[in-house]
Amino acid sequence: MRGTGETSQGRRHGAVTIRHDDSGPVLVLAGEVDIVAVRAFEDAQGTAEITVTALEAGEVTLLSATAVSLMLRVVNSATAGGRTVPLRRSNDHVDRVLRILGVAGSFTR
């Protein structure tokens, strides 16, 4: 799976992937979503615009500012195009990080 890897300390990085379900493509964040996971996703994605129908972050254990930035870019791009991209799955950690960064209101549920 792209976006995963081992550091020299043996810690697993998280993953950022696009999964297809009945609603269309969904941006899924899971595990320790740090700059390494986000960059791996962006490298694999290339320069193509990320167009998804929803975000899922219910399996996130660490959410970096870089990951939040990715989420905001996806939501803002959709909003500019007249679409809404809801955050369908979340957890207490994700909600807390979004609140601390002052961006919780940017995500519809």
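Values quoted throughout were computed directly from the atomic coordinates according to the rules given, and no laboratory measurement underlies them. Only a predicted model underlies this, so the values are computations on that prediction, with no experimental measurement involved. Note that we place each Cβ from the backbone using ideal geometry, even for glycine, and neighbour counts take in every protein chain shown.
Tabulated data
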{"item": "Chain lengthening between residue 35 and residue 103 when straightened (0.36 nm per residue, less Cα-Cα)", "result": "22.6 nm"}
{"item": "Value of relative contact order over the chain, rounded to a whole percent, pairs C-alpha under 8 Å and six or more apart", "result": "22"}
{"item": "Spin-label model distance (nm) - residue 19 vs residue 66, 7 Å beyond Cα toward Cβ", "result": "2.3"}
{"item": "Crossing angle, helix 35-45 versus the chain [Cα axis fit, 0-90 degrees, rounded to tens]", "result": "60"}
{"item": "Counting all C-alpha pairs of segment 15-106, share separated by more than 20 Å (%)", "result": "28"}
{"item": "Cut-off under 5 Å, modelled amide H: who pairs with residue 108 long-range", "result": "87"}
{"item": "Ranked packing of 102-109, 50-57, 70-77, most packed first, by mean Cβ within 10 Å", "result": "50-57, 70-77, 102-109"}
{"item": "Cβ crowding within 10 Å averaged over residues, with 41-48, 85-92, 21-28 ranked highest first", "result": "85-92, 21-28, 41-48"}
